[in-house]
Structure formats: structure tokens, C-alpha cells
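Q: First the structure, then my questions, so here it is.
The values are calculated or read from the model by the stated rules, or taken from the named source; none is laboratory data. Because the structure is a prediction, the values reported are computed rather than measured. All Cβ positions, glycine included, derive from the backbone under ideal geometry; neighbour counts span all protein chains shown.
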Amino acid sequence: MTPTLKEVAELAGVSTSAVSRAYTDGASVSAKTRARVEAAAKTLGYVPSLIARSLATSRTKLIGLVANNFQNPVFLDVFDLYTRALQARGFRPLLVNLTDVSDPSDSARLLRQYSVDGVIVATSTLPPGFAVAFRDAGLKVVHAFGRTARRPLVHVVGIDNVAAGRLAAKTLIERGYRRVAFLGGPKAATSTQDRAVGFVKGLKAAGENAPRLDHALAYSYDSGREAIGQLLEDARIEAIFCGDDLICMGAMDAARAAGRDVPGDLGFLGFNDMAMARWAPYSLTTIRQPIDDIIRCSVERILELVEAPEAAPVSTVFPCAVVERSTLRPRLSGAPKRADDVLRGRLERGSRR
């Protein structure tokens, strides 16, 4: 039989309320009483019930983790990092899959039924309205990888995707590319929209030609391989900025299958710096999104909200950086001044936003 709290109290010679306090964070209990309770619990093999504790404290130690891009291997790293970060703080994730979901109301109802202490929306492809809907349902919310704003409606932790797009433009210009294209993820994704806007603005500010804009149906390898078809028909294109590494890898393999040399005939710039980008068959030059920092900060932010739910929403923005590998031409010595001078100030201002 599973030992009970009452049996622990009898063996320790204390009241059941004293046993309960010994297992409640911040409760008033003497060191002597706590030691007697722990010794009795060890003797009996007693483990306190988290469900019972949640009833007493109104805290479940559950954090809803909402995502929708499970086809992308990057999410395996994201889930691993979130799980470890939450468990290190005594919390557990409750995973909610929003793939193909267009209405957040059912998910909000589910999270409320489990009485989660907070919710992290961990995706860049859901519109900001999803996180706001969870907030309106009475849940404490942080949107990780979401669209940042000066006055966000919920806490946001992520990057400035417009600045990232400008960084991509600068990177290609510095390597002498002039005829370039953008191959983004789904058109509806705010991350895709903002990276495209930044890419176009960066090229325009440097006096370069407007890029061709194409989109994959999903952030996936197959979508990238399929979406590059029309781009390969335009022999003038010298380099492609892909809005995701996995899309980029599919596009690269399709280009090579069509007889194009990378980077001799066609350069590729990815985004994210996922683990596969380092693999020898790809060795992908990419823009690194600081996923570890975003996850660490979003966990800290949601746990702060659990303690102080009245805190005003803020955007926390992390900078991106180019990771040099071998899918672009080398940077030109004395890269074009107009690219450096015009873009540097805008990039720095965007990173501080």
C-alpha cells in the first residue's frame, strides 16, 4: 500500500498539517520538524502528491507549451531545452499541438482545465492573436519567437526579423551578389513577412535591385525542394536567402540535382543555424537565431509572471549573427562601402529596438 501523509505524521510524531507545511515551498516549519518529517517519509517510502499539493497551493507547477511546427527538427531542440529549463525550476511542460488549428479557444479551454500556472506560445508561425486569446482567457502568457513590438499586448521574447532580413541583404552584398532572391516559409507567418520586408529594405537602401520573392508552403525540406523550381529557371539569380535552414537544404539539394554548383553557380544563405546546417553535405552559411537565449529568457519571464501577474508586457529582443560556412562566395576584401555605411546603422538600430 502507498504510505499516506497521516502515517508519516504518526511516525514523525507531528500533526498532518506540519507534514503538509514541510512539503510546501515557503511554509513556516522549523528545521527540527522538517528533519523529523523527512526521516519518517524516507523510512516509509512516502512521496508527496503533486496533485494534492496543487489543491492546497492553487499552483500546479504546469506550464502550457504551445507549438505547431513539429515537422521541423528544430522543434526537437526547442522542446528539449524547454523541458530541461522548466524541470530545473521545479515545473513541467504540458505540450499542446496547434498544427492545423485556426481557433485558439479549444486550446485555451484545455489549458484552463489543467489549471496551468502559465503558457508559453513557442512558435513564429502563429499570428499574435493566438497569444492574446490565451491572455483573454485568463492565462499568463509569453510568446517566444513571436513578432516583437514597442507596446506588445503580451510578453514577447525573440528577434527582430526585419533586422535579420537586412542582415541577410548585407551579407549577400558583401560577397558581391547582385541578382538575388528570397525563398521564405508560409506567407501567413509573421516571421516570413518580416524577414522579407527587411531583405527588400536592405537591398533597396544599398541601391541594389529588388529581389524576387517566393514562398514555400511550410517550414520543411520537401517544401523547399519543391518551391525552388521556378527560381532555378531564372539563370540570372546568383544567390538565394532562405527564411529557414530546412527549406534551404531542400532547395540546395534540388539545385544540385538540376546540375547547379553550390556556391559556384548559386549561393545559399539559411536561417536558424540548426544542427543539420553543420553537416558536411550542407555546410550551410546561415543566420544564427539565438534559440538557447530565447528559451532561457521566456522561461524566466513566465515564471516571473506566475509570481507577479500584473507586470506590464514587454518585448525582449536578441541579436542574430552570420555563421560562415561554405554555401556563399567569400566576403570581398574591402566590401562595398555603400552596403556597409548604409546598412550598419539601420541594423544596429533594429537590434536595439
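Q: Could you list, in sequence order, all residues of the range 312-324 that are out of contact with any helix residue (DSSP H, G or I) (no Cβ under 6 Å at 6 or more places or on another chain), in contact (Cβ under 8 Å) with a residue 24 or more places away in the chain and among the hydrophobic types (A, V, I, L, M, F, W, C)?
A: Initially, the range 312-324 is screened for residues out of contact with any helix residue (DSSP H, G or I) (no Cβ under 6 Å at 6 or more places or on another chain), giving 312-315, 317, 321, 323-324.
With the extra rule that they be in contact (Cβ under 8 Å) with a residue 24 or more places away in the chain, the set shrinks to 313-315, 317, 321, 323-324.
Val314, Val317, Ala321, Val323 - these are the residues of the range 312-324 that are out of contact with any helix residue (DSSP H, G or I) (no Cβ under 6 Å at 6 or more places or on another chain), in contact (Cβ under 8 Å) with a residue 24 or more places away in the chain and among the hydrophobic types (A, V, I, L, M, F, W, C).
Q: Would you list the helices (runs of 4 or more DSSP H) that sit entirely within the range 87-181 and hold 1 or more residues that are buried (at least 24 other Cβ atoms within 10 Å of the Cβ) and assigned by TED's automatic domain parsing to the domain that holds Ile237? Walk me through it before giving the result.
A: Working: elements: 105-113, 128-136, 161-173.
Correct list: 161-173.
Q: Cβ-Cβ under 8 Å, sequence separation 6+ or interchain: first residue in the range 102-124 and closer than 11 Å to Gly138 by Cα, partner crowded, with 22+ Cβ neighbours inside 10 Å and among the basic types (Lys, Arg). Which pairs?
A: Asp117/Lys140; Gly118/Lys140; Val119/Lys140
Q: Scan the range 287-336 for residues that are hydroxyl-bearing (Ser, Thr, Tyr) and under 22 Å from Leu153 (Cα atoms) and jot them down. Full working, then the answer.
A: At the first step, the residues of the range 287-336 found to be hydroxyl-bearing (Ser, Thr, Tyr) are 298, 315-316, 326-327, 333.
Once the filter is applied, which keeps residues that are hydroxyl-bearing (Ser, Thr, Tyr) and under 22 Å from Leu153 (Cα atoms), the range 287-336 yields Ser298, Ser315, Thr316.
Q: Please give the helices (runs of 4 or more DSSP H) falling wholly within the range 210-328 in which 1 or more residues are surrounded by 21 or more Cβ atoms within 10 Å (Cβ to Cβ) and among the polar types (S, T, N, Q). Spell out how you get there, then give the answer.
A: Numbers: elements: 221-227, 229-232, 245-257, 291-307.
Correct list: 221-227, 291-307.
Q: Evaluate the following for Ile247: is it touching a residue at least 24 places away in the same chain (Cβ under 8 Å) and either outside the structural domain of Arg329 (by TED's automatic domain parsing) or over 25 Å from the mean Cα position of the chain (by Cα) (or both)?
A: Working: touching a residue at least 24 places away in the same chain (Cβ under 8 Å): yes; either outside the structural domain of Arg329 (by TED's automatic domain parsing) or over 25 Å from the mean Cα position of the chain (by Cα) (or both): no.
In short, no.
Q: Can you give me the number of residues within the range 179-204 that are over 21 Å from the mean Cα position of the chain (by Cα) and at pLDDT below 95?
A: 0
Q: Determine whether Val66 is crowded, with 19+ Cβ neighbours inside 10 Å and either more than 20 Å from Gln113 (Cβ to Cβ) or at pLDDT below 90 (or both). Quick ask: steps written out before the conclusion?
A: Numbers: crowded, with 19+ Cβ neighbours inside 10 Å: yes; either more than 20 Å from Gln113 (Cβ to Cβ) or at pLDDT below 90 (or both): no.
In short, no.
Q: If you check every pair at least six apart or on different chains, which have Cβ atoms under 7 Å apart with a residue in the range 159-188 that is in contact (Cβ under 8 Å) with a residue 40 or more places away in the chain first and a residue that is among the basic types (Lys, Arg) and part of a strand (DSSP E or B) second?
A: Correct list of pairs: Ala181/Arg212.
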